[in-house]
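Inspection log for the structure reproduced underneath, given as structure tokens.
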Amino acid sequence: MDFTPQSSLPISVEQSKLLGNAKRIKIIAALQDKPKTAKQVADELKQTPGSIHYHIQKLYEGGLIDLVDTQSAGGIIEKYYKAKAKWYSSEGAQFNDPALAQDLDDVSRTLLSLRLYLSPAQREELVSEFRSFLEQWVQKTADNHEDNSQEFAIGVKVVSTEQKS
């Protein structure tokens, strides 16, 4: 059975709301390489199994992860989940993450913006490098349990300035 997640999965507004939580992003990252149980993910993320199970159920019900296997171990049914994709995209004016909306009354915000002239190959290279960079930070912060940590939303939008005709 092939457990390779899709590179990008189109999602609805309801599904994007499920991704508006750092813990769920960490869970999806943990389920990228191979199927795992909620207990295995909890151990990996140093979280309580109950909390991880709750979030896995929400992600599963929302269609963002798959149940790929069940095994019986000592009278207990172990459920193995796998992420459907590494990246998610939505169409229209809605943000994938409500925290990225301009009208959010946030404590801290940094806006970085610039324009570049890119060939199609350079655009793809730039997007690939951003994805790799963000994945590194997901991994870097997966074990972050510092008391002064805050959850931040990061969005990168690469948009052609040319209007559709």
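List of remarks:
- A simple charge model with +1 on the Cβ of Lys and Arg, -1 on the Cβ of Asp and Glu and nothing else charged puts the dipole of region 6-143 at about 220 debye relative to its Cα centre.
- GLU61 accessible area, 1.4 Å probe, all protein chains in place, Å² to nearest 10: 130
- Amide H contacts under 5 Å for GLU78: GLN71, SER72, ALA73, restricted to partners 5 or more places along the chain or on a different chain, H placed in the peptide plane at 1.01 Å from N.
- Theoretical gain in end-to-end length, LYS140 to ARG115 [0.36 nm per residue, Cα-Cα removed]: 6.1 nm
- Oblate is the label for region 109-162, because the ratio a/c of its alpha-carbon gyration tensor axes (a ≥ b ≥ c) is 1.5 or higher and a/b is not greater than b/c.
- Dipole of region 6-143, positive end: most advanced residue of LEU114, GLY50, ALA22 [Cβ charges, Cα centre]: GLY50
- Given in Å, the Rg to one decimal and the Dmax to the nearest whole number for the Cα atoms of region 16-90 are 11.8, 42.
- DSSP bridge orientation in region 6-143 - percent antiparallel, rounded to nearest 5: 70
- Compactness of region 6-143, expressed as Rg and Dmax over alpha-carbon positions, Å: 17.1, 60
- Rounded to 0.05, the FRET efficiency of the TYR60 and VAL107 pair, given R0 = 22 Å and the Cβ-Cβ distance, is 0.10.
- Applying 1/(1 + (r/R0)^6) with R0 = 35 Å to the Cβ-Cβ distance of GLN122 and GLU14 gives a FRET efficiency near 0.50.
- Computed E for LYS46/GLN163 - FRET, C-beta separation, R0 45 angstrom, nearest 0.05: 0.40
The values are calculated or read from the model by the stated rules, or taken from the named source; none is laboratory data. The structure presented is a predicted model; accordingly, all values stated were derived computationally and were not measured. Don't worry about glycine lacking a Cβ; one is built from the backbone with ideal geometry, like all the others, and counts go over all protein chains shown. All accessible areas refer to the heavy atoms of the entire protein, side chains included, with ligands and DNA or RNA removed. Shrake-Rupley method; radii C 1.70, N 1.55, O 1.52, S 1.80 Å.
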